Structure formats: C-alpha cells, structure tokens
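Below is one structure, written out as structure tokens, with a few remarks after it.
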Amino acid sequence: MGYEEDIEGLRKEINRLNEEIVKKIAERMGVAVRIGTVKRKYGRPIVDASREAKVYEQIRELSGKYGVNEKGLERIFIEVIRLCIEAQMEEHP
C-alpha cells in the first residue's frame with residue numbers, strides 16, 4: 001500500500017468532519033439570529049460584551065478538556081462570533 005492509499009481514508013474523514021463543523025456553525029448562526037430577534041423585542045443591543053466574555057471563558061475550558069490549543073481555538077471563535085453577529089444584523093438591519 002502506498003501513500004495515496006494510506007492517506008485517502010484520512011482525507012475522507014477530514015472532509016466529513018469539515019461538513020459537520022460547517023453544519024454546526026450554520027446551526028449556531030440560526031440560534032444567534034433567533035437571539036437577535038429576542039434582543040430587538042426587548043430593545044437590547046446585538047453586541048453583548050459580557051456574554052462574549054463568558055463564551056470565551058467556556059472556550060478556554062473546552063480547549064483544556066479536549067487538548068486543543070487555547071489561543072488558536074479562541075481565534076476561531078472570534079470569527080464564529082463575528083459571523084453570528086453579522087447574521088443577526090443582516091436578518092434585521
């Protein structure tokens with residue numbers, strides 16, 4: 001068995017995981033849009049710095065639990081949160 005055969009299954013697994021990650025981000029964005037609707041109903045701002053701080057705290061804990069680089073994971077979630085905020089604002093400008 002050569003390189004291509006050895007790596008093919010692993011690449012398929014990466015592709016499957018990529019799809020799962022994108023699906024979960026889409027689900028998260030859907031919930032974020034619903035949260036935006038509730039915030040508007042009660043006259044609250046879309047951006048909530050204290051909530052974001054709690055999310056980053058959770059991410060730091062999860063990074064340790066799953067052995068993922070904390071700073072790298074935080075960078076990813078900065079973008080995920082930005083994507084969700086943009087979705088909230090696009091839904092109801």
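Look at the range 24-71 and say how many of its residues are within 16 Å of Glu90 (Cα to Cα) and small (Gly, Ala, Ser).
The number of residues fulfilling the criteria is 4.
Only residues that are more than 16 Å from the chain's Cα centre (by Cα) and hydrophobic (A, V, I, L, M, F, W, C): list them for the range 1-46, please.
Within the range 1-46, Met1, Ile7, Leu10, Ile14, Val38, Ile46 meet the criteria.
So, of the residues in the range 58-93 that are of a type in the set (A, V, I, L, M) and closer than 15 Å to Lys39 by Cβ, which turns out to be modelled with the lowest pLDDT?
Looking at residues that are of a type in the set (A, V, I, L, M) and closer than 15 Å to Lys39 by Cβ, I get Met89.
Can you tell me which residue within the range 1-56, out of those that are of a type in the set (Ser, Thr, Tyr) and surrounded by fewer than 10 Cβ atoms within 10 Å (Cβ to Cβ), is nearest to Glu79 (Cα to Cα)?
Checking each candidate, the answer is Ser50.
The values are calculated or read from the model by the stated rules, or taken from the named source; none is laboratory data. Since we're looking at a predicted model, the values are computed, not measured. Glycine also receives a Cβ, built like all others from the backbone with ideal geometry; neighbour counts cover every protein chain displayed.
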